[in-house]
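Everything below concerns the one structure shown next.
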């Protein structure tokens, strides 16, 4: 076996012909220029992503509120026909409570900024099939451009003023009345 010889005469790499001798620090300057633009673009993506997260939460809250309205109609009328749920909790309140539970984290955030909590609203809808009763659950985040989830570097005109979502459910008027709905 041949003995391994240490590198005794190692010479530094030679610079290519035509490259100036003083290039130290250029990588740091290029990184400073490129990283600033990169982090600014990343911040804009995160800021707009926060808008989509809030909108998705509002949409889910409205859907959950509508689902609670629908289930309150059937659970109260079929389980005990003689019992009216309105004596305990009105179906509209069940829908509001279900929607409010989904956006609790958002309401808590707004209250840290001295803003009112998000209050879902249940209203009767006129656009409904004949012989049916429709209810719409609406959830809104007011003044989003003034109180965004992530502070924005964008101008206020680039951010939405308010965000909202709604969901509509069709109900049988007779079962709705038995469930205690108004």
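Annotations for the structure displayed:
- Filter pass, residue 70 being within 30 Å of residue 160 (Cα to Cα), at pLDDT 80 or above and surrounded by 11 or more Cβ atoms within 10 Å (Cβ to Cβ): no
- Among residues of the stretch 80-99 being under 13 Å from residue 137 (Cβ atoms) and crowded, with 19+ Cβ neighbours inside 10 Å, the one that is modelled with the lowest pLDDT is 91.
- Looking across the stretch 164-182, the residues that are modelled with pLDDT of 85 or more and either buried (at least 18 other Cβ atoms within 10 Å of the Cβ) or in a loop (DSSP other than H, G, I, E, B) (or both) come down to 165, 166, 167, 169.
- Pair list, Cβ < 6 Å and 6+ apart or interchain, from the stretch 110-137 residues that are assigned to a loop (DSSP other than H, G, I, E, B) to residues that are modelled with pLDDT under 90: 113/147; 115/147; 128/134; 132/170
The values are calculated or read from the model by the stated rules, or taken from the named source; none is laboratory data. From a predicted model like this one, the values you see are computed outputs, not experimental measurements. Quick reminder, even Gly has a Cβ in these numbers, built from the backbone with ideal geometry, and neighbours come from all protein chains shown.
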